[in-house]
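Okay, so here's the structure we're looking at.
The values are calculated or read from the model by the stated rules, or taken from the named source; none is laboratory data. Owing to the predicted nature of the structure, the values given are computational and were not obtained by experimental measurement. Here the Cβ positions follow ideal geometry from the backbone for every residue, glycine too, while neighbour counts run over all protein chains shown. Areas reflect the complete protein model, heavy atoms only, side chains present, ligands, DNA and RNA absent. Shrake-Rupley method; radii C 1.70, N 1.55, O 1.52, S 1.80 Å.
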Amino acid sequence: MIRGLYTALSGMVASMTRQSVVADDVANVNTPGFKQGRTSQADFELALVRSAAAGANLGPLGSGTLGVGLTLDRAQGPLETTGNPSDLAIEGDGLFVVRTVGGTAYTRAGDFVLDGSRTLVTQEGQPVLDTAGRPIVVPAGSEFSVGPDGTVAGTGQRLALVAWPAGGLSRLGQNLYTAAAALPPAGGEIRQGSLERSNVDMAGAMTDLIRFQRSFAMDARALSIQDGTLGDASQLGRIR
């Protein structure tokens, strides 16, 4: 493959990936507890060198850019007082633990509700778990009250808070995450009647969108020039 064509095309793909991540951030600017994403890029040729050193005989395919993953910005979002007792925010490190049909998942979104059976659930109806892995159930007639350490009054239960994993999380959808292994307890505190808002920086996100769109346009132009040069080269030596 001609190096210039590949380099320009890989830049276009990288710009499209970055735009999709930023667009997702912007779409979730009002989602409680949402964490904005960050894309990582690496030089493709260096990635090939590392692969060859590890025993993979890939050969010198030239330069270009290579997406190497998505990371989450764990920065604390602003806490907003709502006055709703079932709204819970985590101040500091921590993730709520919920049970889904696919197993255990984690979230920073604390816009919970009490369902008909007085079970604390997410907006999608997934039970919020305590430190023993049981759903939080508030007795009928009892006021729902949660202490800073997660203790739920009148239930003998304490909300489970687990730490962000060192290796990162995978997005599951519905503002939920999954992890490859069990997570240790976290040291954050619960703020009842508050919500953590998204940590998306709208001004920065819009600037990034413009920058990535321009980068895509420049790479598309470079691809067009490379294609034209290849066409001209194919005419060399022809007898007219």
### Query
If you check Gly103 against the conditions, is it among the small types (Gly, Ala, Ser) and within 22 Å of Leu72 (Cβ to Cβ)?
yes
### Task
Sort through Ala140, Ala217, Ala203, Ala153 and tell me the only one that's touching a Ser or Thr at 6+ places or on another chain (Cβ under 7 Å), surrounded by fewer than 15 Cβ atoms within 10 Å (Cβ to Cβ), at pLDDT 85 or above and farther than 19 Å from Glu91 by Cα.
Ala153
### Tabulated pairs, segment 90-106, first within 12 Å of Ala179 (Cα to Cα) and in contact (Cβ under 8 Å) with a residue 60 or more places away in the chain, second open to solvent by 30 Å² or more (accessible area, probe 1.4 Å) and among the polar types (S, T, N, Q), C-beta under 7 angstrom, 6+ apart or interchain
Val97/Thr104; Ala105/Thr178
## Note on the structure
Matching residues in segment 96-131 (of a type in the set (D, E, K, R) and over 21 Å from the mean Cα position of the chain (by Cα)) number 3
### Task
Go through segment 1-53 and give me each residue that's of a type outside the set (A, V, I, L, M), at pLDDT below 75 and over 13 Å from the mean Cα position of the chain (by Cα).
Arg3, Gly4, Tyr6, Gln41, Asp43, Phe44, Glu45, Arg50, Ser51
### Message
Need the failing condition index for Val98 against (1) part of a loop (DSSP other than H, G, I, E, B); (2) surrounded by 14 or more Cβ atoms within 10 Å (Cβ to Cβ); (3) of a type in the set (A, V, I, L, M), just the number.
### Response
(1)
### Message
Any residue in segment 186-208 that is farther than 27 Å from Ala166 by Cβ sitting within a Cβ distance under 9 Å of a residue that is at pLDDT below 90 and hydrophobic (A, V, I, L, M, F, W, C)? List the pairs, counting only those 6 or more apart or interchain.
### Response
Met202/Val26; Met202/Val29; Met206/Val22; Met206/Val26
### Message
Return the residues of segment 177-222 that are touching a Gly at 6+ places or on another chain (Cβ under 9 Å) and acidic (Asp, Glu); say none if nothing qualifies.
### Response
Glu189, Glu196, Asp219
## Note on the structure
The number of residues in segment 151-166 that are closer than 24 Å to Arg38 by Cα, assigned to a loop (DSSP other than H, G, I, E, B) and in contact with a Leu (Cβ under 8 Å, 6 or more places away or on another chain) is 3
### Query
With respect to the numbered conditions (1) buried (at least 18 other Cβ atoms within 10 Å of the Cβ); (2) touching a residue at least 60 places away in the same chain (Cβ under 8 Å); (3) not in a loop (DSSP other than H, G, I, E, B), which one is the sole condition not fulfilled by Glu80?
(1)
